[in-house]
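What follows is one structure encoded as structure tokens, with my remarks underneath.
The values are calculated or read from the model by the stated rules, or taken from the named source; none is laboratory data. Being a predicted model, the structure only gives us computed values, none of them experimental. We place every Cβ from the backbone using ideal geometry, glycine too, and count neighbours over all the protein chains shown.
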Amino acid sequence: MKTGLYFSVTIGDLPKDTFDVVEFTLQEGLSTLFTLSLTLSSKDSNIDLQAQLLQKVQLVVYSNGQVERTVNALVEKAERGDSGFKRTFYTITARPALWQLTLTKDSRIYHFKSVPDIIDEILQDYNIVVDKQLMDPHPVREYTTMKRESYFQFIARLAAEEGIAFWFEENQLFYSDSHLGMTGGLSLIYNPHPQIATFLPTISALKFGCAMRPTEAKTKDYRYSHPDVMMDAKSKTDKPLPSFEIFDSYGRYDDEQMAQQLSQYRLQALQSDSEQGQAASNYFQLMPGKIFSISEHPSQSMNQSWQIVTITHHGYLPQSLDNESDDRPATLTNEFTFIPGKNDWRPPFIHKPQADGDEVAVVVGPAGEEIHVNEHGAVKIHFHWNRYDAADERASCWVRVLQNWNGDGFGFLSIPRIGQEVLVGYINGDIDRPIIMGTTYNGNNRPPLDLPSAKTQMSIKSKTHKGEGFNELRFEDENGKQELFMHAQKDMNTVVLNDRSTVVMANHTENVAANQIMTVGENRIIEVGENQDSTILANRILSVQGDSKTLVGGACDIQVKDVVYISSATAIRLDCGQSVIEMDSGGNIKLHCNNFHIFAKNRGDVIGQSIVEINGDGAQAVVNEEDVAANIEASLESTFPK
């Protein structure tokens with residue numbers, strides 16, 4: 001068994017003795033993908049480098065025969081170097097399994113998932129085991145967009161938004177939103193003389209200081225569902241320092257608790273290195289995510305708990321050079337940065353990718369529907385780049401539609417229908433806040449006009465919901481053919497609360513296929529400049545509740561093919577100059593005139609049931625009443641049948 005310090009490495013399925021470690025560097029940090037750089041020597045000068053890519057690398061550090069630490073990674077890069085008398089040198093760069101996510105780039109949408117849910121789903125897709133320690137609530141997000149990002153960039157951005165840090169410990173990925181999720185138990189002795197060799201875990205070259213950073217973080221957000229409620233939150237350091245505020249709008253939160261929590265994350269990220277130290281040690285078990293303590297420091301303020309932020313390990317084993325070695329001893333050192341153990345380190349805030357312009361999408365909804373809309377007039381859309389979601393009502397969040405004009409209960413409203421192509425913009429370039437800017441025609445959805453021949457026309461044309469037909473308002477601007485055309489597929493209703501005026505400079509034609517009803521609350525006046533012709537193919541009834549008067553400036557000609565029936569409840573009077581005929585409801589008929597003549601082409605009878613007096617020359621004529629009355633009645637009935 002070897003004593004002292006010793007390193008070994010294995011790569012993939014190659015024999016364990018293929019490589020000897022000459023030198024290595026391991027760079028680690030919170031929320032950082034570590035990099036393991038290895039300088040190796042081998043007696044085999046023909047190792048297939050291509051075959052080693054993404055192979056598992058295991059570096060083991062031994063101290064006096066005991067494993068001090070094991071590092072597992074995947075080969076990112078392999079290089080062959082110089083060859084000596086017996087050995088060939090190789091350089092291997094290895095990264096954690098999580099690094100594979102940097103080799104991707106994708107665009108997709110996650111629906112109704114929290115940030116931890118999204119991270120877990122992605123890691124599971126890549127078979128990466130993770131241990132999480134979350135202390136704060138992380139709400140479900142309705143809509144989270146990944147846009148032209150690698151999966152690593154995406155989860156790192158989301159984690160930074162919600163104050164989640166990750167690290168690698170004991171060959172496993174961890175993430176947490178609190179220093180309480182880190183492990184402790186490591187103790188280092190302060191050693192101001194590192195040149196004196198020791199196997200005890202020591203810390204040296206120690207520096208600790210403070211730096212001025214922003215002292216306040218304020219965020220503000222707007223929700224269109226509650227536009228009058230401006231949600232803002234502010235966090236301020238408790239240090240007695242001047243105020244320097246960082247303000248950012250659109251903080252992305254739905255309640256005050258989450259608002260305050262996110263602003264606190266932002267402040268902690270800004271303050272993460274406001275108290276920070278640097279040091280060196282000989283302890284390979286130091287790594288990000290570890291809490292360690294210092295002892296025997298002359299300043300008691302340093303003898304407390306601290307946490308590693310970044311660390312770089314250097315290992316050198318000249319014995320692996322064989323006959324090409326030098327006489328330097330094996331060494332293992334590191335340099336690291338640290339912060340107080342009670343602080344919650346937060347990764348720097350990462351701004352999401354900005355939308356680089358408007359996009360085209362298709363309106364979607366449930367199967368069998370033509371219109372799918374919510375109470376705000378918003379619809380669902382499916383982007384052409386969305387490879388993961390079906391083109392249905394689950395493809396997006398509710399997306400508002402830009403209207404030409406709006407107000408509280410008034411304005412213009414046009415709801416894009418399922419299958420229509422729309423142009424999508426983004427509020428402030430935020431890829432999680434799409435808004436429909438308008439609609440566009442394409443090869444399937446054709447314009448309502450025959451273009452280019454109808455280029456002078458403008459049309460507002462709808463389509464019957466789940467049926468055939470349309471409503472349309474069309475304008476023709478061709479010179480000499482100007483026209484305003486309206487088409488109602490079924491009913492047309494017009495309400496005018498005051499005056500309505502219509503002026504037709506030429507002809508006016510109306511065709512009513514069924515009934516026409518006109519109700520006038522007060523007066524109605526019709527003036528015809530020349531002739532008026534009315535043709536009624538069936539019956540005509542004129543009902544006048546008051547008086548009726550007809551004035552004719554010329555002749556009046558009434559022609560009736562059948563009976564003319566005139567009825568009055570009280571009296572009928574016909575006047576023509578000095579001639580008057582009067583009839584009343586009592587059965588009396590009076591004829592007032594200067595002269596009268598009765599001509600009967602054949603027989604003429606005058607019959608009275610009592611007395612008929614004919615006073616022509618003053619003589620008295622007496623006839624039988626009953627005969628006169630009967631004859632008159634028979635004559636009237638034959639002439640004027642009821």
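If we scan the stretch 291-309, do we find a residue that is more than 20 Å from Gly185 (Cα to Cα) and part of a helix (DSSP H, G or I)?
For the stretch 291-309, residues more than 20 Å from Gly185 (Cα to Cα) and part of a helix (DSSP H, G or I): absent.
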Report task. Check the stretch 439-461 and report whether any residue there is surrounded by fewer than 11 Cβ atoms within 10 Å (Cβ to Cβ), of a type in the set (A, V, I, L, M) and not assigned by TED's automatic domain parsing to the domain that holds Pro416. Result -> no
Query raised in the report: Tally time: how many residues in the stretch 427-455 are in contact with a Phe, Trp or Tyr (Cβ under 9 Å, 6 or more places away or on another chain) and not charged (D, E, K, R)?
Result: 6
Report task. Mind listing whichever residues of the stretch 436-452 are modelled with pLDDT under 95 and among the small types (Gly, Ala, Ser)? Result -> Gly443
Report summary line: Selection over the stretch 462-485 where residues are aliphatic (A, V, I, L, M) and either in the same structural domain as Glu359 (by TED's automatic domain parsing) or exposed (fewer than 10 other Cβ atoms within 10 Å of the Cβ) (or both) yields a count of 1
**Report entry** Failed criterion for Thr144 (all others in (1) at pLDDT 95 or above; (2) within 28 Å of Ala330 (Cβ to Cβ) hold)
**Finding:** (2)
**Report entry** Restricting the stretch 402-429 to residues that are part of a strand (DSSP E or B) and surrounded by fewer than 16 Cβ atoms within 10 Å (Cβ to Cβ), the residue that is farthest from the chain's Cα centre (by Cα)
**Finding:** Gly411
Report task. Could you grab me the full set of residues in the stretch 102-134 that are more than 18 Å from Leu33 (Cβ to Cβ), part of a loop (DSSP other than H, G, I, E, B) and touching an Asp or Glu at 6+ places or on another chain (Cβ under 7 Å)? Result -> Leu134
Query raised in the report: Restricting the search to the stretch 450-471, which residues are aliphatic (A, V, I, L, M), farther than 17 Å from Leu413 by Cα and in contact with a Lys or Arg (Cβ under 8 Å, 6 or more places away or on another chain)?
Result: Met458
Query - Hey, Arg573 modelled with pLDDT of 90 or more and either in a loop (DSSP other than H, G, I, E, B) or farther than 30 Å from Glu510 by Cβ (or both) or not - result: yes
Query raised in the report: Does Ser107 satisfy being modelled with pLDDT of 95 or more, of a type in the set (Gly, Ala, Ser), under 30 Å from His384 (Cβ atoms) and outside the structural domain of Ala391 (by TED's automatic domain parsing)?
Result: yes
Query raised in the report: Which residues, taken from the stretch 17-71, are in a loop (DSSP other than H, G, I, E, B), under 22 Å from Lys2 (Cα atoms) and without any contact (Cβ under 8 Å) to a residue 40 or more places away in the chain?
Result: Asp17, Thr18
Query - Subset of the stretch 318-373 (residues that are more than 45 Å from the chain's Cα centre (by Cα) and either closer than 26 Å to Ser187 by Cα or modelled with pLDDT of 95 or more (or both)) - result: Pro329, Ala330, Thr331, Leu332, Thr333, Asn334, Glu335, Phe336
Query raised in the report: List the pairs whose first member sits in the stretch 554-577 and is farther than 24 Å from Cys593 by Cα, whose second member is of a type in the set (Lys, Arg), and whose Cβ atoms are under 8 Å apart, counting only residues at least 6 apart or on separate chains?
Result: Tyr565/Lys642
